[in-house]
Amino acid sequence: YGAKRGREGARVWAPEGSTDSRDRLQTLEQLRVALDTEQLVPHYQPKLDLRTGDVAGVEALVRWEHPERGLLAPDVFLPLAEQAGLMRRLTLRVLERSLLDLGTWRDAGHELTLAVNLSVSNLQDVALPEQVALLLETRGVPAAALVLEITEDVLMADAARSQQVLAGLRRLGVRLSVDDYGTGYSSLTYLRALPVDELKLDRSFVTSLTRDPRAGAIVRSTQRLSQDLGMTFVVEGVEDAATLELLRSLGCDVAQGFYVARPMPAERFLEWLQRHHVRAAVPRQRAAR
Ligand code: C2E
Ligand code: MG
Ligand code: MG
Ligand code: MG
């Protein structure tokens, strides 16, 4: 928190915690303003289809363009938004804006899918499927082009209500992905019970892949599990070429990570996409000859 540093003087006399709670209150006020003024914007990170080399889709990752503190990452404000009951609005914001961008890209001929992250309060919100349906219709985006990413802990919270919401989303034809797979509990129980389309293995298993045979074994067996369950197997956190090649040889379907590209604002993503198409076209033409 940048603001905290400016208050170092006050900390000398302030009772433990009170500076923090003032900061929190101030940040919360600013967050409410941000939600009303388009300061919360998605950045986009591409997902690469490892079989074709094409860009399969993008993940929307929310950023806060804070007027004083600059660009803030989600870990700085998502927990606060969750506690303050602002996640429903925040998610709708992200969905609204990213479906608008997706519609534009698809109209320009890029057959992309869009992944949006859901949080615990979204799955408790029985109005969500209807709101998603309306947004898809407004933007002219087919439901199958939308992937909703849900972490294991979110899937496990209040199973009855969240299953109702998941079923509603599924009925629309929206695809569901388990995010940060392997870091939560009861994974096999919900894999059997819940209708999920995609497994997204947590970054922690991917980072050490080229050095750690145990991580390799986990990637291989998760790939096999996904395949047997008819799910797409996605890996996140790919940071170098060696890891990407290894993942390709292990049969991973889709890869995401800094090696492919870092998350970027909408305008830059379109540029990146056009450059990627040009690069990707060269080896494919060679292979055809
Ligand atoms: P996530 O959904 O698992 O997203 C992946 C995170 O890993 C992103 O961090 C991304 O920038 C980062 N990442 C991608 N590739 C690499 C890599 O190669 N190496 C490393 N070290 N990191 C990589 P980010 O954007 O800070 O987001 C953090 C988390 O915040 C997300 O994790 C997601 O759980 C949550 N989040 C982000 N946007 C939203 C949103 O709109 N709604 C909700 N509910 N949660 C969101
Ligand atoms: Mg995600
Ligand atoms: Mg993840
Ligand atoms: Mg994560």
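The values are calculated or read from the model by the stated rules, or taken from the named source; none is laboratory data. Keep in mind that what you see is a predicted model, and the values were worked out from it rather than measured. Reconstructed Cβ throughout: ideal geometry from the backbone, glycine too, with neighbour counts over all protein chains shown. When the accessible area is computed, the model is the full protein with side chains, heavy atoms only, and any ligands, DNA or RNA have been set aside. Shrake-Rupley method; radii C 1.70, N 1.55, O 1.52, S 1.80 Å.
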(Q) Looking for something within 16 Å of the chain's Cα centre (by Cα), over 23 Å from A255 (Cα atoms) and away from ligand 3 (no atom under 14 Å from the Cβ) - is there at least one such residue anywhere in segment 161-172? (A) no
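Among L188, L201, which is more than 14 Å from ligand 3 (Cβ to nearest atom), among the hydrophobic types (A, V, I, L, M, F, W, C) and closer than 22 Å to V154 by Cβ?
Values: L201 fails: more than 14 Å from ligand 3 (Cβ to nearest atom).
It is L188.
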Q: Output the number of the condition that D107 fails; it satisfies all remaining conditions of (1) within 21 Å of A81 (Cβ to Cβ); (2) away from ligand 4 (no atom under 16 Å from the Cβ).
A: (1)
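Taking the stated definitions as given, is T113 open to solvent by less than 60 Å² (accessible area, probe 1.4 Å), within 16 Å of ligand 2 (Cβ to nearest atom) and modelled with pLDDT under 95? First the steps, then the outcome.
Details: open to solvent by less than 60 Å² (accessible area, probe 1.4 Å): yes; within 16 Å of ligand 2 (Cβ to nearest atom): yes; modelled with pLDDT under 95: no.
No, not satisfied.
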Q: With the condition kept exactly as written, say whether any residue in segment 160-172 is in contact (Cβ under 8 Å) with a residue 12 or more places away in the chain, among the β-branched types (V, I, T) and open to solvent by less than 20 Å² (accessible area, probe 1.4 Å).
A: yes
(Q) What's the number of the only condition in (1) part of a helix (DSSP H, G or I); (2) open to solvent by less than 10 Å² (accessible area, probe 1.4 Å); (3) within 16 Å of ligand 1 (Cβ to nearest atom) that Y190 fails to meet? (A) (3)
Q: With the condition kept exactly as written, say whether any residue in segment 159-169 is within 13 Å of ligand 1 (Cβ to nearest atom) and of a type in the set (S, T, Y).
A: no
Q) Which residues, counting only those in segment 235-261, are within 13 Å of ligand 1 (Cβ to nearest atom) and part of a loop (DSSP other than H, G, I, E, B)? A) E236, G237, V238, E239, D240, Q256, G257, F258, Y259, V260, A261
Q: Can you give me the number of residues within segment 251-289 that are modelled with pLDDT of 95 or more and over 23 Å from the mean Cα position of the chain (by Cα)?
A: 0
